[in-house]
Amino acid sequence: MEDVLAGLRAIAEPTRLRILILCARSELSVTELVDILGQSQPRVSRHLKLMVEAGVLERNREGARAYYRMAERAAGSGVAHALTPLVPLTDATVETDLARLETIRVRRSERATAYFQENAEQWEDLRGLYVDDALVDASLMEAVRAEPVESLLDIGTGTGRVLEQLADHVTSAVGVDNAKPMLEIARDKLDRAGLNNCQVRLADMYHLPFPADRFDAVTLNMVLHYAEVPSEVLREATRVLKPGGRLILVDFAPHELEELRDQHTHRWLGFSSEEIGRLAKGVGLNLKPALSLTGDPLTVCLWNARKADSNDLTTGNIGAADLRAAS
């Protein structure tokens, strides 16, 4: 009873209700919330502190920054999830807040796209700045080659590195990316190597241009930390996997290198196995234990997951706010 009352008290204030609606849709920093709400940083911080203490929001520290999202398992999460759908989205204040939120999300996406456009030529050099590329590549190839693959999808293919290395193991492969300069390089490399079973396509990883149950395997190699909404990327990747198909995910373990966010537009500073586990469960993937590739200063993890068959699919419930750890 006290948990319910505490959650109600934490939400029952106009600004805090606005914050809850926003954090149900995106994981946001204090600065971003200040921009949306048009209120002072100390005031917004006080609201956030109360909501976290009541278990309505969760606070996730990313290096020097903190991000807030609707709580999933804390004391007040049930109240938050129950009340959020009751708020009319046609309310003038809510409409304004959500429009400003969309502006922030578009701005994030534009920064990431601009970065990829500007760095297409030297992308392979940039990839190896903080981690042993050869070790990562070898582990990824071993994981994919562990089983026959007729059709492969590489999401965020960049300059086509994964396609090049797996071309001889697959019947056909498609790489998708949203940066045209990257794809031009990839297409040229594949043509020069005579890899006619591989192709690249301009596409959005949130809206893949493929039918459901299309691919035997999907790879996401050092891509997820750029995603605004990781849960939606994995949901879409799972959609295009055949039942029993495999998702091979490679990304950083949690770290505190802020420069990767500031200089290289990383949205997330790595993912824990617990976070990936919640993601996998939510979209119907059966996850195996991670393979850790320890480096200096960063560690890379490889997660291998299999799409559940229709008779044992566990869809899970990912709330709109669960962007990172479930997301």
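The values are calculated or read from the model by the stated rules, or taken from the named source; none is laboratory data. Nothing here was measured: the structure is a model prediction, and the numbers come from that model. Every residue, glycine among them, receives a Cβ derived from its backbone with ideal geometry; neighbour counts consider all protein chains shown.
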query: Condition test on residue 270, is it touching a Pro at 6+ places or on another chain (Cβ under 6 Å) and more than 21 Å from residue 145 (Cα to Cα)?
result: yes
task: Give me the pairs, please: first residue somewhere in region 208-237 and under 15 Å from residue 176 (Cα atoms), second residue anywhere and of a type in the set (Phe, Trp, Tyr) and surrounded by fewer than 22 Cβ atoms within 10 Å (Cβ to Cβ), beta-carbon distance under 8 Å, and either six or more positions apart or on two chains.
output: 233/206; 236/206
query: Looking at (1) modelled with pLDDT under 85; (2) farther than 25 Å from residue 301 by Cα; (3) touching a strand residue (DSSP E or B) at 6+ places or on another chain (Cβ under 9 Å), which is the only condition residue 182 fails?
result: (2)
query: Can you name the strands (runs of 3 or more DSSP E) wholly within region 168-252 that have at least 2 residues being outside the structural domain of residue 103 (by TED's automatic domain parsing) and more than 28 Å from residue 272 (Cβ to Cβ)?
result: 170-177, 198-202
field: Qualifying position, being over 27 Å from residue 268 (Cβ atoms), among the β-branched types (Val, Ile, Thr) and surrounded by fewer than 20 Cβ atoms within 10 Å (Cβ to Cβ), among 30, 4
entry: 4
query: residue 179 passes all but one of (1) in contact (Cβ under 8 Å) with a residue 40 or more places away in the chain; (2) farther than 21 Å from residue 234 by Cα; which number fails?
result: (2)
message: Scan region 48-56 and tell me whether some residue there is part of a helix (DSSP H, G or I), in contact (Cβ under 8 Å) with a residue 24 or more places away in the chain and not hydrophobic (A, V, I, L, M, F, W, C).
response: yes
- request: Search region 135-157 for residues being in contact with a Phe, Trp or Tyr (Cβ under 7 Å, 6 or more places away or on another chain) and among the hydrophobic types (A, V, I, L, M, F, W, C), and hand back the single one that is farthest from residue 252 (Cα to Cα).
  value: 152
query: Can we say residue 172 is modelled with pLDDT of 90 or more and closer than 24 Å to residue 208 by Cβ?
result: yes
message: Would you confirm, using the coordinates I've provided, whether residue 157 is closer than 30 Å to residue 263 by Cα, among the hydroxyl-bearing types (Ser, Thr, Tyr) and not assigned by TED's automatic domain parsing to the domain that holds residue 104?
response: yes
- prompt: Mind checking which residues of region 25-47 are of a type in the set (S, T, N, Q) and either part of a loop (DSSP other than H, G, I, E, B) or at positive phi (or both)?
  reply: 26, 39, 40
- line: Those residues of region 238-261 which are more than 23 Å from residue 295 (Cα to Cα), touching a residue at least 60 places away in the same chain (Cβ under 8 Å) and among the basic types (Lys, Arg) amount to 242, 246
field: Residues satisfying the stated conditions in region 246-265, i.e. under 30 Å from residue 214 (Cβ atoms) and either surrounded by fewer than 22 Cβ atoms within 10 Å (Cβ to Cβ) or among the acidic types (Asp, Glu) (or both)
entry: 251, 265
message: For the structure I just gave you, tell me whether residue 206 is crowded, with 16+ Cβ neighbours inside 10 Å and among the hydroxyl-bearing types (Ser, Thr, Tyr).
response: no
statement: Note on region 98-144: residues modelled with pLDDT of 75 or more, in the same structural domain as residue 169 (by TED's automatic domain parsing) and of a type outside the set (Gly, Ala, Ser) are 132, 133, 135, 136, 137, 140, 141, 142, 144
